[in-house]
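Have a look at the structure below, then the notes.
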Amino acid sequence: MPQPLAYRMRPQRIEDVVGQQHLVGPGKIISRMVKAKMLSSMILYGPPGTGKTSIASAIAGSTKYAFRKLNAATDSKKDLQIVAEEAKMSGTVILLLDEIHRLDKAKQDFLLPHLENGRIVLIGATTENPYISINPAIRSRTQIFEVKPLTPDDIRTAIDRALTDKVRGLGNEKIELDSAAERMLTTATNGDLRSALNGLELAAKSTDETNGSIHLTLPIIEECLQKKAFSHDKDGDAHYDVISAFQKSIRGSDTDAALHYLARLVTAGDLPTIARRLTVIAYEDIGLANPPAAARVVEAVTAAQRLGFPEARIPLADAVIELCLSPKSNSGIMAIDAAMSDIRSGNYGEIPDHLKDAHYKGASQLGHGVDYKYPHSFKNDWVAQQYLPDKIKHAQYYSPKTNGKFETALAAQYKRLRAAQRGQK
């Protein structure tokens, strides 16, 4: 079976790497390593198809060191031993270890001494954040570099190379690529060059010649890319970046940005994440500035869960727009977090005796419940008395905001009641 175009077009020299110029450009860190032939082990992390394997292949090609590729999840310790034996015999081997975040302890323990003596130059590849997912023992022996999604111009450069390369690419075919089709290839794969090149090859191989050439139009490319037009890994960093950007856009009242990130999550079909995050946002970021909005979000989420996609996008969009344009207040989360901080630091005291449970025989002999004033027995159902422990009796956790009519009214009531309490004391 012939190798895929993306595999055949992998760069053989560091100068041929597409994109990632912050790492492989002239004078940048990986280029400097290659030029000086002073390689150190590294971890490359970033989305799929952005050049992690290409960089490793190019490093090996530029330095003429042996290059081996293993997978941390599926290849065994014995496979690592074979690489180590080769390194012992030949001097240095560059090992690309894919999915390095799944490296188990036995394999890690075997690798560590080989990394120490430099016989194996490890290039770990992962889509996960290595500061979270990779063992510190490996991290401490490697440099960590982020590989970023390729730009449309980067992908266009790679496509042009593939169309003209007669040895590894499609240069022996007469291919006409419409400008709209090219634009689709460069943008629809979300920076994933592997998907763009393999989509191009599928289109070229599955389209009949017309008048001596293969004419690739937008509908053909759309057909070949339909399963790659949007990439969203629900377990990867990009997923959490989208959620973060979604909440921060709503918090910042940018309706269009929030709808954009909602669209990403909808396109990925991730209704559970949308439902949970919208509910959190409603109470964390809008909160007491507009409580009815939070209630309507719960209704919208319930409706979306009953409807399912594609119709679920409608109540979700309504909820996002309202949250963006609503007044904001985080006073609720700030208040509870401040109270919990006191608890965690041990800054709390004994519950006042008059508030303790008095529903058992002998409670009054302990002084529990004695002198408790029942508010409903007083005018306006309120009476001044101490509720906080003595140690923190002057604590204030709630700092009201006045960004909406509801919390403005709460703020006035809160201020009045606190003043009355202090006056009583």
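The values are calculated or read from the model by the stated rules, or taken from the named source; none is laboratory data. The structure displayed is predicted, hence computed values, not measured ones. Positions of Cβ are backbone-derived with ideal geometry, glycine not excepted, and every protein chain shown enters the neighbour counts.
For segment 50-68, enumerate the residues that are touching a strand residue (DSSP E or B) at 6+ places or on another chain (Cβ under 9 Å), among the hydrophobic types (A, V, I, L, M, F, W, C) and in a helix (DSSP H, G or I).
Of everything in segment 50-68, those that are touching a strand residue (DSSP E or B) at 6+ places or on another chain (Cβ under 9 Å), among the hydrophobic types (A, V, I, L, M, F, W, C) and in a helix (DSSP H, G or I) turn out to be Ile55, Ala56, Ile59, Ala60.
Quick test of your reading of the structure: His239 fulfils all but one of (1) within 18 Å of the chain's Cα centre (by Cα); (2) at pLDDT 90 or above. Name the failing condition by number.
Unmet condition: (2).
Residues in segment 69-77: is at least one in a helix (DSSP H, G or I) and either in contact with a His (Cβ under 7 Å, 6 or more places away or on another chain) or surrounded by fewer than 22 Cβ atoms within 10 Å (Cβ to Cβ) (or both)?
Checked against the condition, which is being in a helix (DSSP H, G or I) and either in contact with a His (Cβ under 7 Å, 6 or more places away or on another chain) or surrounded by fewer than 22 Cβ atoms within 10 Å (Cβ to Cβ) (or both), segment 69-77 yields at least one hit.
On the basis of being over 27 Å from Gly287 (Cβ atoms) and outside any loop (DSSP other than H, G, I, E, B), does Lys373 make the cut?
Answer is no for this residue.
Hey, can you tell me all the residues within segment 82-118 that are in contact (Cβ under 8 Å) with a residue 40 or more places away in the chain and in a strand (DSSP E or B)?
Ile94, Leu96, Asp98
Within segment 327-347, does at least one residue satisfy the condition of being over 41 Å from the mean Cα position of the chain (by Cα) and assigned to a loop (DSSP other than H, G, I, E, B)? Show your work before the answer.
Taking segment 327-347 as the starting set, the residues that turn out to be over 41 Å from the mean Cα position of the chain (by Cα) are none.
For segment 327-347, residues over 41 Å from the mean Cα position of the chain (by Cα) and assigned to a loop (DSSP other than H, G, I, E, B): absent.
Just to check your reading of the model, which residue among Gln385, Gln365, Gln305, Gln396 is among the polar types (S, T, N, Q), part of a helix (DSSP H, G or I) and touching a helix residue (DSSP H, G or I) at 6+ places or on another chain (Cβ under 8 Å)?
Numbers: Gln385 fails: part of a helix (DSSP H, G or I); Gln365 fails: touching a helix residue (DSSP H, G or I) at 6+ places or on another chain (Cβ under 8 Å); Gln396 fails: part of a helix (DSSP H, G or I).
So the residue among Gln385, Gln365, Gln305, Gln396 that is among the polar types (S, T, N, Q), part of a helix (DSSP H, G or I) and touching a helix residue (DSSP H, G or I) at 6+ places or on another chain (Cβ under 8 Å) is Gln305.
If Ala258 passes every condition in (1) small (Gly, Ala, Ser); (2) within 23 Å of the chain's Cα centre (by Cα); (3) buried (at least 16 other Cβ atoms within 10 Å of the Cβ); (4) closer than 26 Å to Tyr398 by Cβ but one, which one does it miss?
If we test Ala258 against (1) small (Gly, Ala, Ser); (2) within 23 Å of the chain's Cα centre (by Cα); (3) buried (at least 16 other Cβ atoms within 10 Å of the Cβ); (4) closer than 26 Å to Tyr398 by Cβ, just (4) comes out false.
Looking only at segment 157-185, filter to residues that are closer than 18 Å to Glu15 by Cβ and without any contact (Cβ under 8 Å) to a residue 40 or more places away in the chain; which one of those is surrounded by the fewest Cβ atoms within 10 Å (Cβ to Cβ)?
Ranking the qualifying residues of segment 157-185, first place goes to Val167.
Within segment 115-149, can you find the residues that are touching a Ser or Thr at 6+ places or on another chain (Cβ under 6 Å) and closer than 27 Å to Thr187 by Cα?
Residues satisfying the conditions are Val147, Pro149.
Name, by its number, the condition in (1) outside any helix (DSSP H, G or I); (2) closer than 22 Å to Leu410 by Cα that does not hold for Ile286.
For Ile286, the failing item is (1).
Which residue, of Arg422, Arg416, is out of contact with any strand residue (DSSP E or B) (no Cβ under 8 Å at 6 or more places or on another chain), within 17 Å of Pro352 (Cβ to Cβ) and either part of a helix (DSSP H, G or I) or assigned by TED's automatic domain parsing to the domain that holds Ala289 (or both)?
Only one candidate qualifies: Arg422.
So which of Glu85, Glu116, Glu128 ends up being buried (at least 17 other Cβ atoms within 10 Å of the Cβ), more than 19 Å from Ile59 (Cα to Cα) and not aliphatic (A, V, I, L, M)?
After ruling out the rest, the residue left standing is Glu128.
Check Tyr131 against each of (1) modelled with pLDDT under 90; (2) touching a helix residue (DSSP H, G or I) at 6+ places or on another chain (Cβ under 6 Å) and name the one condition it does not meet.
It fails just one condition, (2).
Hey, can you tell me all the residues within segment 161-176 that are out of contact with any Asp or Glu (no Cβ under 6 Å at 6 or more places or on another chain) and within 13 Å of Leu5 (Cα to Cα)?
Listed by number, the residues that qualify are Arg161, Ala162, Leu163, Thr164, Asp165, Lys166, Val167, Arg168, Gly169, Leu170.
Please work out which residue is nearest to Thr255 (Cα to Cα), limiting yourself to segment 298-340 and to residues that are surrounded by 14 or more Cβ atoms within 10 Å (Cβ to Cβ) and free of Cβ contacts under 8 Å to residues at least 24 places away in the same chain.
Once the filter is applied, the top-ranked residue is Asp318.
Take Phe378 and decide whether it is in contact with a Leu (Cβ under 8 Å, 6 or more places away or on another chain) and either in contact (Cβ under 8 Å) with a residue 40 or more places away in the chain or farther than 26 Å from Ala293 by Cβ (or both).
Numbers: in contact with a Leu (Cβ under 8 Å, 6 or more places away or on another chain): no; either in contact (Cβ under 8 Å) with a residue 40 or more places away in the chain or farther than 26 Å from Ala293 by Cβ (or both): yes.
No.
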